[in-house]
1. Which residues, taken from the range 255-276, are open to solvent by less than 30 Å² (accessible area, probe 1.4 Å) and closer than 19 Å to L222 by Cα?
2. Look at the range 174-192 and say how many of its residues are within 29 Å of Y385 (Cβ to Cβ) and surrounded by 17 or more Cβ atoms within 10 Å (Cβ to Cβ).
3. Condition (residue is without any contact (Cβ under 8 Å) to a residue 12 or more places away in the chain, more than 23 Å from N148 (Cα to Cα), among the polar types (S, T, N, Q) and open to solvent by less than 70 Å² (accessible area, probe 1.4 Å)) applied to the range 11-29: is it met by at least one residue?
4. Please specify each residue of the range 177-196 satisfying the condition of being in contact with a helix residue (DSSP H, G or I) (Cβ under 6 Å, 6 or more places away or on another chain) and outside any loop (DSSP other than H, G, I, E, B).
5. Pull up the range 312-332, narrow it to residues that are among the polar types (S, T, N, Q) and within 25 Å of the chain's Cα centre (by Cα), then point me to the one that is surrounded by the fewest Cβ atoms within 10 Å (Cβ to Cβ).
6. State all residues of the range 359-375 that are assigned to a loop (DSSP other than H, G, I, E, B) and either closer than 14 Å to T389 by Cβ or touching a helix residue (DSSP H, G or I) at 6+ places or on another chain (Cβ under 9 Å) (or both); if no residue qualifies, say none.
7. I'd like to verify a number: residues in the range 159-173 that are outside any helix (DSSP H, G or I) and either exposed (fewer than 15 other Cβ atoms within 10 Å of the Cβ) or modelled with pLDDT of 95 or more (or both), how many?
8. Quick test of your reading of the structure: G224 fulfils all but one of (1) open to solvent by less than 70 Å² (accessible area, probe 1.4 Å); (2) in contact with a helix residue (DSSP H, G or I) (Cβ under 9 Å, 6 or more places away or on another chain); (3) part of a helix (DSSP H, G or I); (4) at pLDDT below 95. Name the failing condition by number.
Amino acid sequence: MLNKLLDNEVKNIISRFKQTNGVNNSVKDLTYLKTYSIDDSQTLEIDDAISLEKITNHYKLWIHIASPTSYFEYQSAIDKQARKLISTVYLSNNTYYMLPEILINDVFSLSEKEMRESLSLGVIFNEDGSVDSTEIVQSIIKVNFRLNYTEADELIDYAPKEEEDLSIISNILQSRKCWRKNSGAMEILESFGKIIVEDNNPRLKIIDPTLSRQLISEAMILYGNLISNFTRVNKIPVPYRVQQRIDRVPQDNINNTENKFLYNFILKKTMGKSYYSIKPMPHKSLGLTSYLHATSPIRRYADLLVNYQLKRYLNNNDLISKEDVEQMTLEINNKGRQNIMRYREDQKYWLIKWFKKNSFKEYNVILLNWVNKYEYICILYFVEYHFSTICNLKSIKNLNIGDSFNVQNIVNNNNNDIIYFGLI
């Protein structure tokens, strides 16, 4: 029954969208702005875009977020299906989308050269990176340029006269990052490796923290912070993203660590777990007094819920009740953890296959931690490939945390739950 209702809703949305050509005359027209989206080339769910507006002696940064709730209602069949999934799940051989794929493609995503509805945040900054003023509007935008990260990095680096907006935005958001650091934010800039599977063949892709990735990250943090301030002040029930720092490792251990990989590992251990809460509380590692997820409503239900509430508030409609939001926050925490575990198990499965495929190779590693020294269970960081994993390390040597050495994979057909290595 739900599938039939969902199919009907999808057809109705596409029909209405074609009739209006994506234009809603009751919202603010921001199509005059030169607007950029930056993402991986293969990304389907394009949730966000950015623009820079020159106003007299200062700049106004615009962050535009897709508005799928302009097309379907809370408790609709589409919403119920999204709530069952809680988020899009990206597995190596498949992607399970939270929202119907045809709608993501043709209606929701901020596609290049297309009119799209958005929830847009305009921000004017002070020189120190603090916020001078903000504006939140329902809008129509048009993405002029869809860029991948390499293309965006080139525009930031070279800053050609006719296309200098991204370079200016990058500088503005670097100032904002400095402001957060002065407020206690902790930054871990590091490359990381992830498994990509093509034609059932696993390979490792290394993702570097380039300027364009930092730009998008900081813009999304800014949006989440300012929207959380807005919902808090106006008493709008939403799930906030909370992180309370836990100093489990003495600060001296961090300051005296010369190895940057071990330093980052130890630093992460000082941070508490992040979770969703109906109460606005600090997010310590971001250096913010309140924060929420709002920039990925196509792929995360927490963000979709914020999208619902903002649109209801801006249109003077009844809000989803605090009790409902509280119940959904519990579901988001529980199912979100399940989705993360599902992703990690998938990555581990293919990582084992990748090691078996490359069993002849030697790897330079750093011992990050002993999980169980008597059972030879430890966490190793693979320097060339920028990832760490829990594994079994056979060694007659007395190895200490922070030691660097070479290992080789030992194929073990009896146990697929852990990867075995021998010291070379």
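The values are calculated or read from the model by the stated rules, or taken from the named source; none is laboratory data. Remember, predicted model here, so these are calculated numbers, not experimental data. Here Cβ is always computed from backbone atoms with ideal geometry, including for glycine, and neighbour counts include all displayed protein chains. Just so you know, the surface numbers come from the protein's heavy atoms only, side chains and all, with ligands and any DNA or RNA stripped out. Shrake-Rupley method; radii C 1.70, N 1.55, O 1.52, S 1.80 Å.
1. Answer for the range 255-276, where residues must be open to solvent by less than 30 Å² (accessible area, probe 1.4 Å) and closer than 19 Å to L222 by Cα: just Y276.
2. Looking only at that region, the number is 2.
3. Yes, the range 11-29 contains a residue that is without any contact (Cβ under 8 Å) to a residue 12 or more places away in the chain, more than 23 Å from N148 (Cα to Cα), among the polar types (S, T, N, Q) and open to solvent by less than 70 Å² (accessible area, probe 1.4 Å).
4. K177, I195
5. It comes out as Q327.
6. Once the filter is applied, which keeps residues that are assigned to a loop (DSSP other than H, G, I, E, B) and either closer than 14 Å to T389 by Cβ or touching a helix residue (DSSP H, G or I) at 6+ places or on another chain (Cβ under 9 Å) (or both), the range 359-375 yields only K361.
7. The total comes to 2.
8. Against the list (1) open to solvent by less than 70 Å² (accessible area, probe 1.4 Å); (2) in contact with a helix residue (DSSP H, G or I) (Cβ under 9 Å, 6 or more places away or on another chain); (3) part of a helix (DSSP H, G or I); (4) at pLDDT below 95, G224 comes up short only on (4).
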